[in-house]
1. For the pair A and B, how large is the buried accessible area, both sides, in square angstrom to the nearest 100, if the probe is 1.4 Å?
2. With respect to the cross-link table entries B:Lys182/B:Lys226; B:Lys117/B:Lys226; B:Lys163/B:Lys244; B:Lys27/B:Lys162; B:Lys79/B:Lys226; B:Lys162/B:Lys244, which display a Cα-Cα separation exceeding 22 Å?
3. Need the per-residue list for the range A:27-65: every residue with at least 30 Å² less accessible surface in the complex of protein chains than in the chain by itself, probe 1.4 Å, sorted by number.
4. Pulled fully out, how much extra length does the chain show between B:Ile72 and B:Phe202, if you take 0.36 nm times their separation in residues and subtract their Cα-Cα distance?
5. In terms of the Cα gyration tensor, with a ≥ b ≥ c the square roots of its eigenvalues, is the range B:179-225 rounded because a/c is under 1.5, prolate because a/b exceeds b/c, or oblate?
6. Would you please give the FRET efficiency between A:Glu127 and B:Val152, computed as 1/(1 + (r/R0)^6) with r the Cβ-Cβ distance and R0 = 35 Å, to the nearest 0.05?
7. Ignoring ligands, DNA and RNA, please state the percent of accessible area on chain B from carbon and sulfur, probe 1.4 Å.
8. Rounded to the nearest angstrom and ordered from largest down, what semi-axes does the equivalent ellipsoid of the range A:28-86 get from its C-alpha gyration tensor (root of 5λ)?
Amino acid sequence: MVDMNTLRRRMLAPLTALLMVVLVGCVDIPADPKGSLERIRGGVLNVGISLAPGLVAGTEREPSGPLVELVHDYAASINATPNWTLRSEEQLVVFLEEETLDLAVGGFTPDTPWMDRVGVTRPFTLEPTTPVPGTEALEAPHEFVMLLQPGENALISSVEEFLDEELQS
Amino acid sequence: MKIMRVLKANIREFPEQQQTALKQAIKWQIFTICFTLVTITVVAFVMGNSMAMRTAWIEDMLSLLPQISFLIALFFTYKQPTLRHPYGWHRAMGVGHLVSGVALLAVGTHLGYEAAKGLVTADHPTIGTVQLFGNTVWLGWLMVIVMALIVVGPLWIYGPPKKRLAPILHNKVLSADADMAKADWQTNAASIIGVLGVGVGFWWLDGAAAVFISIGIILDGYKNTKMALADLMDQRARTSDSAKPHPVREDIAACARARMWVGDVGMRIRDEGQLLQVELFVVPRLKRVSVDELTELQQAICDLAWNLHDVVVIPTSQIPEWADRGLPFPHPSATKSPPKKHHEKG
């Protein structure tokens, strides 16, 4: 006759496994504590841009550059309309902290010092392509990151997944 | 190698049971260190920005301290006593124990403070994705899988054998190490809960888990520091899990009282780290006692247990008040002071 304690211990592993399966299946993991992705999907994506040669150029009304194109395509992929804000890097970080912006792109590299204050994607590589007329061209493969509000893990995962697909092909 | 020759020469002085246990303990400690180095490396790759994972990672590194100090102390304890170190080097085990305890206490407190600060300033942990075999996977899943897998080491592989070996060797560092290994599952469970909590949007669960793990580290540090300090301060010898006074005290008293020439006995036993040092105060029935009788008693006591290595028999006219009379617990006269000797005139 097996006693209760042994029974409990033996049930622990399979129960935990079951819990994990339920979690994966029924619950959306990862989630956004502030519901960013839910709000942006089918709505407005507030993007901050900071000028960087070969990456981001133009004006607030007509931004251009490879990074801007990526953000355009990402917004389209989740049926969102981008709303651009052109500022310095520091100002963009402050806006992210104040939750005015959802995403920021520019000359942010994997060594960016802003990682202590806001969320940062993992590094992605931009290959040199035919330059958009009127902008500078990238001369070598460039490693970049994008900044987001800290802890919005559904949004950051969605962005990284999109960038994986876009930049693989 | 000279170290191995010294070790082997001195291990042979132990009885066979202790020799086997010691060799096994050394092998388990080396295995544990290797296993821990691997888990530290793996966790470093997956821990990301999770405070709970980082705390668990640092706890993993701290767990190396009792293991390394055990091995270093072992080498020292086998050096023979010299003029300069007449008590030998056995205290090295206690020193190692103290160093581990204090390190756990200090680092645990720092980690707890950092985790609590993160909770107060509402730091939301950012946990993104990684590319694994062409798929984009949430890093949190990797964290959960790693923490679930590495728990088998301390819980099922090397924790139980060390717990079994500790009382055979009367080694407190080993016993404390085994206890910490057994409790490791709580750290892993807390990290898993913390990461999954972040996954469903409860950002504060990560910080809460980190605080929970830090408290565990602080408690380990406190317990080990207290134990090590007590022994270094020459408290009376206790069992290897420090649960109660060492039972050999009753055997010693019985052995002494069995001798015809012995009137009253009192003793003090201190734990030098594995080996016990005994000072036995004896009031002889008659005013004289021969060197042969003293030597015979000393030898008989040494033979009582493998780790009674330093026994001193002191003939005296009165047993000191603080001496242990070696009576079984609980015994009414064990707590009372010894009866005063009345010197009647005439």
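1. On the way: alone 10050 and 18540 Å², together 26980 Å².
Chain pair A/B: roughly 1600 Å² of buried accessible area.
2. Working: B:Lys182/B:Lys226 20 Å; B:Lys117/B:Lys226 28 Å; B:Lys163/B:Lys244 17 Å; B:Lys27/B:Lys162 10 Å; B:Lys79/B:Lys226 26 Å; B:Lys162/B:Lys244 20 Å.
Exceeds cut-off: B:Lys117/B:Lys226; B:Lys79/B:Lys226.
3. A:Ile29, A:Pro30, A:Ala31, A:Pro33
4. Details: separation 130, 0.36 × 130 = 46.80 nm, distance 4.44 nm.
Additional length available on full extension: 42.4 nm.
5. Values: a/c = 6.54, a/b = 2.15, b/c = 3.04.
Oblate.
6. Numbers: r = 43 Å, r/R0 = 1.24.
My answer for the efficiency is 0.20.
7. On the way: 11470 of 17720 Å².
Carbon plus sulfur share of accessible area: 65 percent.
8. Details: eigenvalues 115, 24, 22 Å².
Value: 24, 11, 10 Å, ordered largest first.
The values are calculated or read from the model by the stated rules, or taken from the named source; none is laboratory data. It should be emphasised that the depicted structure is a prediction, and the values quoted were computed from it without experimental measurement. Reconstructed Cβ throughout: ideal geometry from the backbone, glycine too, with neighbour counts over all protein chains shown. Note: areas computed on protein heavy atoms with side chains; ligands, DNA, RNA excluded. Shrake-Rupley method; radii C 1.70, N 1.55, O 1.52, S 1.80 Å.
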